[in-house]
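The numbers here are math on the coordinates, done by the rules we state, and not lab data. What you see is a predicted model, and the numbers here were worked out from it, not measured in a lab. All Cβ positions, even for glycine, are placed from backbone atoms using ideal geometry, and neighbour counts span all protein chains on display.
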Amino acid sequence: MSIREIIKQNETVIVDVRTPQEFSGGNVANSINIPLQELPAHVGDLTKINGNIVLCCASGGRSSIATQMLQGQGFRNVYNGGGWMDVNYYKNN
């Protein structure tokens, strides 16, 4: 399954790991903002998500780190979506 197909699934949750300031400048509708440095404190919350988790940021660097971090915590349903504008495009087209 492609990242586009995963993003389009209704149960997929988009998590944006940019700063709140970056997030407020534009984001994917209905996405959750958890800055990368705060991600470890939210692992418990993310375990409650039954669907896939797609991580995004400005260009894909921070979301790659976040993906690896969550996979290291045992998550198997996490994917690096790359930049938020790409994720937004895939979600809406």
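The table for this structure:
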item: Region 22-31 - residue that is out of contact with any Ser or Thr (no Cβ under 9 Å at 6 or more places or on another chain) and surrounded by 18 or more Cβ atoms within 10 Å (Cβ to Cβ) and, of those, nearest to ASN88 (Cα to Cα); result: VAL28
item: Tally, over region 7-21, of residues that are acidic (Asp, Glu) and crowded, with 17+ Cβ neighbours inside 10 Å; result: 1
item: Members of region 53-81 that are more than 10 Å from VAL17 (Cα to Cα), touching a residue at least 40 places away in the same chain (Cβ under 8 Å) and among the small types (Gly, Ala, Ser); result: GLY81
item: Within region 1-37, tally of residues that are in contact with a Cys (Cβ under 9 Å, 6 or more places away or on another chain) and among the basic types (Lys, Arg); result: 1
item: Residue tally, condition of a type in the set (S, T, N, Q) and under 13 Å from VAL28 (Cβ atoms), over region 42-93; result: 4
item: Within region 24-69, tally of residues that are within 16 Å of ASP86 (Cβ to Cβ) and part of a helix (DSSP H, G or I); result: 6
item: Selected residue (criterion: surrounded by the fewest Cβ atoms within 10 Å (Cβ to Cβ)) from residues of region 79-93 that are assigned to a helix (DSSP H, G or I) and among the hydroxyl-bearing types (Ser, Thr, Tyr); result: TYR89
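Rundown of residues vs (1) in contact with an Asp or Glu (Cβ under 7 Å, 6 or more places away or on another chain); (2) buried (at least 20 other Cβ atoms within 10 Å of the Cβ), yes/no style:
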position: ASN33; (1), (2): yes, no
position: PRO40; (1), (2): no, no
position: GLY44; (1), (2): no, no
position: GLY51; (1), (2): yes, no
position: SER59; (1), (2): no, no
position: SER63; (1), (2): no, yes
position: LEU70; (1), (2): no, yes
position: ASN77; (1), (2): no, no
